[in-house]
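The values are calculated or read from the model by the stated rules, or taken from the named source; none is laboratory data. The shown structure was predicted, so the numbers you read here are calculated from the model rather than taken from an experiment. Note: ideal-geometry Cβ built from the backbone for every residue, glycine included; neighbour counts use all protein chains shown. To get the accessible areas, we keep the full protein, side chains included, count just its heavy atoms, and leave off ligands, DNA and RNA. Shrake-Rupley method; radii C 1.70, N 1.55, O 1.52, S 1.80 Å.
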Amino acid sequence: TPAVPDRALMLDKEKSLSKQEKSKRLLRHCSSWTQLESTQENRAVLGGQVPIVSVRLGTKPEDHFVLTLRRTFVENGIATPFNQVLSWLCHRKEYFCAASIGLDLLGDVDGLRDLRRSIDNTELAEGRANLEGLLDGIVPLDFSVENSPNGKLSRMVESTITQLADMTVGCLVKGGPPMSNTLEGLLGRNVNYDPARASLMLSAAATCAVSGDNDLVSTVMGTALKEKELAKAPATDILWPIRCLLRIAVARDFLPTALLLLNESIPDELRSRKRFNEPASTPMPSLEFCASIVTMIVASSPDAAGRLLELIDEQTRTRYWESLAHDTQLALALIQIDGKFPLLREPEIRSWALHHLHGCIEADSKEGGSSMDSPKKLPSDWLKKLFDACTRNAGCDLKQLSTKSTVSKEDTDGIQKHLGELQMTQNALVSGPNSGGLDFDLIIPALLLLESRDGTLWKDGVLVSTQAILDAACYLAGRHGAEEPAFPFNASTVMRQCALLDNVSAGANLIGGKDGLVLKCCDVLIEGCGMSMDEAESFILDENLSLPQENVAEEKEKDFVITDGHRHVLWLLDEHVLSIKTFGEFETIHIRGRVDPVFASHACFRTWLRLNPSDSAAEWLVSWLRTQLGIDDSTISKKRLACAAIARALMWPNNRKSSMDPDINTHLEQVLATALGIKGKFLVQISQACCGLIEAIPPSLANDVFRHEDHGDIGLGAHVQVGV
């Protein structure tokens, strides 16, 4: 019984094949190419002589003469078949002339025009521009349907057309880069060439083109580039065979076979890795070449990326993406085509990116590593590019974030600028039409990592911080937009990522609704007052209002200086209270993400109080509220619902028992208006605006007022109209 060869041994042998051996094996199966090669057999046919007349003028050998004719003339007569003419020209390296004849016989006028434009050498073009004499010596070809029986071409004629088209393709391939554009056009227009044979020729050409060996390049492309020119040549010039191969793949529906040929002929260049069993001193195949090849493949067809990822690597027996090194994956994931980054839309590559992002977050968090394999660190520059790629895919307009916003002269405290920047940041992340939406699962962890690395900017030269753009992304994530997202948002995983990196602000914007508002206020107190999360949450939600007694007297006397924390509180008031227009916005039980305006007022005013309990802070707040509500001594606010929510929050104690039982004396320190130090005049004005909508003041306070009890500055007396 004969021994069965070891498959692993066979694979190792195939892997160790040189580029030249691979090229020869590919071309061995292509008859059109072998006819164009300058082999001994072909030279004997085209250059051989046949004796015709023998003349003897004497008995000496030098008196013996033989008259010979070319073998082609004897066998064919005056006219010569096109295949022999094209072969003879290619043997003489007259590729331009050979290709011109082939295109002329095929009737490809556009191809002839492109070919003549592609030749820079004017003398070469002028010397071979007139093909009439050569064409007269070629056996005429009749490809017209009118002269064929049944109106169809015979199989012999079809075979002849295919042979002519294949040999023309071979002539253009031998012509090299100068004729590549003409070849690409022919492959896209002509339907007579055999796609399998043309693909073999181009695969062999690609194998030699990426070898870097100038002699090897000349064997398949005819004209050798000088060594200096080869080193400086751009990747697009060197990789022209792959571009033409992909044109066949698209034009003739040959994409799977074309990718398989590339996977077999240039597997290492397709993955930017060293060849099997190569010494360590051997240079790595260029990552630029690899990225250029993958870019051309992905750009060729909408389903090309998926086909590429399905390829199996013979060396590692894994799918294409798994066979790549980490650095190669980072580079290829962000290849750009026509302003988009299509590989990020592929589920396999997106899952890879999510895996590494989450792994980096777990590694950077205080909890340390986890059971999951620790991935390699993602560079900050790559994270910036990832964010930019996702926003470009979604059609977001981020240009406005790179310009300074105009500041009104009246906005001396920067409030309008702060509110405008928040709104501008959210608007910048709105997806464009038919874009598939913004991939929040990718951009939020990327921004979280950038922010955790000492607040690294998401883009150099921008004015908006990483935390601001992160808050805007979390605010928009999961909300219903005009554009349907291509991938569902995984809110639980992203929320865990925010928690792992202790980014309270991002988590608050992500949660939204009542809990999100509480977290936002807690974040302001943590940053502004140094409170812990538990302390901040307790202060905002506790029914009893209690300020720490230490340094309260000193704080009361301090001058008010507005901070970013104050500005953010005002933004929350504007978003959840001042902007309400309908009674339905008070309904929050059955609508996810909505905040009760009264609760929002309570939370914001308490946060303001804890930031600065001084009288000057209260005066500043009242002045700002008057401006926003449109209140002055002679004008009643038209924002009745907003005034109602503010009045309820300021004048009703948060302690329900105290506020609803008129027999229990209300402790003034439990009333926000008292704690904040807001004067009675403003309370009367907002009560007048909302009169008839709600009970403007609590029953216990009204009872005290009408009994003319002394309540300090909240003695509203008969000026308050109670809406009951």
Exercise. For the stretch 443-560, what mean projected area does the convex hull of the alpha carbons give, in nm²?
Worked result: 10.4
Seminar exercise, completed: Under a 1.4 Å probe, counting only protein heavy atoms, MET424 has an accessible area in Å², nearest 10, of 40
Exercise. Taking 0.36 nm per residue of separation and subtracting the Cα-Cα distance, what length does fully extending THR582 through LYS417 add?
Worked result: 56.7 nm
For this session: Determine how large the accessible area of CYS522 is when every protein chain is in place; take a 1.4 Å probe and give Å² rounded to the nearest 10.
Result: 0
Exercise. Under the Karplus relation 6.51 cos²θ - 1.76 cosθ + 1.60, θ = phi - 60°, what is the ordered set of whole-Hz ³J(HN,Hα) values for the stretch 199-204, x standing for Gly and Pro?
Worked result: 5, 5, 4, 6, 5, 5
Exercise. Roughly speaking, what is the stretch gain from GLU322 to GLU484, that is 0.36 nm per residue apart minus the C-alpha to C-alpha distance, in nm to one decimal?
Worked result: 55.3 nm
Exercise. Which entries of LYS514/LYS558; LYS639/LYS681; LYS399/LYS459; LYS417/LYS558 show an alpha-carbon separation above 23 angstrom in the structure shown?
Worked result: LYS514/LYS558; LYS417/LYS558
Problem set entry | Förster-model FRET efficiency, 45 Å R0, ASP502 and ASP253, C-beta, rounded to 0.05 | 0.25
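If DNA, RNA and ligands are ignored and the probe is 1.4 Å, what is the ranking of ASP574, ASP439, ASP632, ASP381 by accessible area, most exposed first? Walk me through the numbers on the way to the answer.
Details: ASP574 45, ASP439 20, ASP632 70, ASP381 100 Å².
If we order ASP574, ASP439, ASP632, ASP381 from most to least accessible, we get ASP381, ASP632, ASP574, ASP439.
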Exercise. For ARG155 and PHE65, what is the calculated FRET efficiency with R₀ set at 56 Å and r taken between the beta-carbons, to the nearest 0.05?
Worked result: 0.75
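For the pair LYS558 and ASP364, what calculated FRET efficiency results from E = 1/(1 + (r/R0)^6), where r is the Cβ-Cβ distance and R0 = 41 Å, to the nearest 0.05?
Efficiency at R0 = 41 Å is approximately 0.60.
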Exercise. Accessible area of LEU260, 1.4 Å probe, to the nearest 10 Å²?
Worked result: 100
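With all protein chains present and a 1.4 Å probe, how do MET156, MET179 order by accessible area, largest first? Present the calculation step by step, with values, prior to reporting the outcome.
Working: MET156 150, MET179 10 Å².
So, going from the largest accessible area down, we get MET156, MET179.
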Exercise. Magnitude of the Cβ-charge dipole of the stretch 429-525, K/R +1 and D/E -1, about the Cα centre, nearest 20 debye?
Worked result: 160
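Rank these by accessible area, largest first, 1.4 Å probe: SER265, SER492.
Details: SER265 5, SER492 85 Å².
These residues rank, largest area first, as SER492, SER265.
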Exercise. Working out 0.36 nm times the residue gap between LEU541 and ASP381, then minus their Cα-Cα distance, what length gain in nm do you get to one decimal?
Worked result: 53.5 nm
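Around LYS514, what is the net charge, scoring Lys/Arg as +1 and Asp/Glu as -1 over all other residues with Cβ under 9 Å from its Cβ?
Details: positive: ARG594; negative: ASP515, ASP596.
Here the count lands on -1.
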Exercise. Residues with beta-carbon under 11 Å from that of ASP542, excluding ASP542: net charge, scoring Lys, Arg +1 and Asp, Glu -1?
Worked result: -2
Exercise. So what's the net charge close to ALA477: Lys and Arg +1, Asp and Glu -1, counting the other residues with Cβ under 12 Å from its Cβ?
Worked result: -2
Exercise. For the stretch 453-510, treating each Cα as an identical point scatterer without solvent, what Debye log10 I(q)/I(0) comes out at q = 0.19, 0.28 1/Å?
Worked result: -0.77, -1.16
